[in-house]
Amino acid sequence: MGAAAGLQRTAQYLGAITASGLIGLLYGQRAADPGLHRIALIGVVLGLLLLALTLADRTLRARRAP
């Protein structure tokens, strides 16, 4: 259980670092609508990529009993 908690915390930290980097990069000096729209577009693209990778993972498919 300790290893799972550590992996979960690591994923949280990486997500926070990535999100703060994107916010700083896309908003710049002021927060405005175009920056928000670009962040949303990146989120949608990353979500679709994660969905495609999950659907392509053969180890997640159910095995049939012999």
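Could you tell me which of 22, 43, 62 has its Cα farthest along the dipole of the chain towards the positive end, charges placed at Cβ (Lys, Arg +1; Asp, Glu -1), taken about the Cα centre?
The Cα lying farthest towards the positive end belongs to 62.
To the nearest 10 degrees, how steep is helix 33-56 against the longest Cα principal axis of the chain, on a 0 to 90 scale?
Once rounded, one gets 10 degrees.
Which ³J(HN,Hα) values, rounded to whole Hz and listed in residue order, are derived for region 7-12 from phi using the Karplus coefficients 6.51, -1.76 and 1.60 in 6.51 cos²θ - 1.76 cosθ + 1.60 with θ = phi - 60°, glycine and proline given as x?
Whole-Hz 3J(HN,Hα) from phi for region 7-12: 5, 5, 5, 4, 4, 4.
How far apart, in nm, are the 7 Å Cα→Cβ label points at residue 5 and residue 30?
Going from the residue 5 label point to the residue 30 one covers 4.6 nm.
Considering only protein heavy atoms and a 1.4 Å probe, what is the carbon-and-sulfur percentage of the accessible area of the chain?
On the chain, the fraction of accessible area on carbon and sulfur atoms equals 68 percent.
Tell me what the chain gives for mean residue ellipticity at 222 nm when only DSSP H runs of n ≥ 4 count, each as -39,500 (n - 2.57), the sum divided by the residue total, rounded to 500 deg cm²/dmol.
Result for the chain: -27000 deg cm²/dmol, rounded to the nearest 500.
Rounded to the nearest whole Å², what accessible area per residue is found for the chain with the 1.4 Å probe?
Value returned for the chain: 92 Å² of accessible area per residue.
For the chain, what is one quarter of the convex hull surface built on the Cα atoms, given in nm²?
Projected area, direction-averaged: 6.7 nm².
Taking R0 as 35 Å, what's the FRET efficiency between residue 19 and residue 59 from their Cβ-Cβ distance, rounded to 0.05?
0.75
Assigning unit charges at the beta carbon (Lys, Arg +1; Asp, Glu -1) and nothing else, what dipole magnitude in debye, to the nearest 20, does the chain show about its Cα centre?
Computed about the Cα centre, the dipole is about 340 debye.
The values are calculated or read from the model by the stated rules, or taken from the named source; none is laboratory data. Since this is a predicted model, take the numbers as computed values, not measurements. Note: ideal-geometry Cβ built from the backbone for every residue, glycine included; neighbour counts use all protein chains shown. Side chains are part of the model used for accessible areas, which takes the heavy atoms of the whole protein and leaves out ligands, DNA and RNA. Shrake-Rupley method; radii C 1.70, N 1.55, O 1.52, S 1.80 Å.
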